[in-house]
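Chemist: The structure's right below; bear with me while I get my questions together.
What follows draws every value from the coordinates through simple rules; no lab data is involved. All figures in this text were calculated on a predicted structure; none of them were measured in a lab. Here the Cβ is made from the backbone with ideal geometry for all residues, glycine too, and neighbour counts use every protein chain on show.
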Amino acid sequence: RLGYATLASATALVLPIFGAIFSVSGTTTITSITGTNAFDGRQITLIFDDALTFTDGNNLRLAGNFSTSASDTITLVAVGGNFFEIARSVN
């Protein structure tokens, strides 16, 4: 599927080079996203498969911590190595 991949949850979530929409599996708390593929203007949407905490801080600039459940989403944009929340949806 073009632009869609599953990422395993990790303290430092690793983004692949390509893609904009990612399914996140697992329950590990996410506290950052690695900056290797975080070019300015990159917009991503994460769709969570499980319950976990997506934590405000480090390089995540969120409207507070996000306690997810299955099918919840968050959309972020990268600027200067940080990811800023654009929107979240509790589904």
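Chemist: Given Cβ point charges of +1 (Lys, Arg) and -1 (Asp, Glu) and nothing else, what value in debye, to the nearest 20, does the dipole of the chain about its Cα centre take?
Modeler: Around 160 debye, computed over the chain.
Chemist: Here is a follow-up. Projected onto the charge dipole of the chain (+1 at Lys/Arg Cβ, -1 at Asp/Glu Cβ, origin at the Cα centre), which of Ala51, Leu15, Gly41 gives the Cα projection farthest towards the positive end?
Modeler: Gly41
Chemist: Another one. Given H placed 1.01 Å from N in the peptide plane, which residues other than close sequence neighbours of Arg42 have an amide H under 5 Å from its amide H?
Modeler: Here the answer is Ala78, since their amide H atoms fall under 5 Å of that of Arg42.
Chemist: Please work out how much length the chain gains when fully extended from Ile86 to Ala20, using 0.36 nm per residue of separation minus the C-alpha to C-alpha distance, in nm with one decimal.
Modeler: Once the chain is fully extended between Ile86 and Ala20, it gains 22.4 nm.
Chemist: Name the long-range amide H neighbours of Arg61: under 5 Å, sequence gap of 5 or more, or other chain; modelled H, no Pro or chain starts.
Modeler: Under 5 Å from the amide H of Arg61: Phe83, Phe84, Glu85.
Chemist: Hey, another quick one. So for region 7-90: antiparallel DSSP bridges make up what percent, rounded to the nearest 5?
Modeler: DSSP beta bridges in region 7-90 are roughly 60 percent antiparallel.
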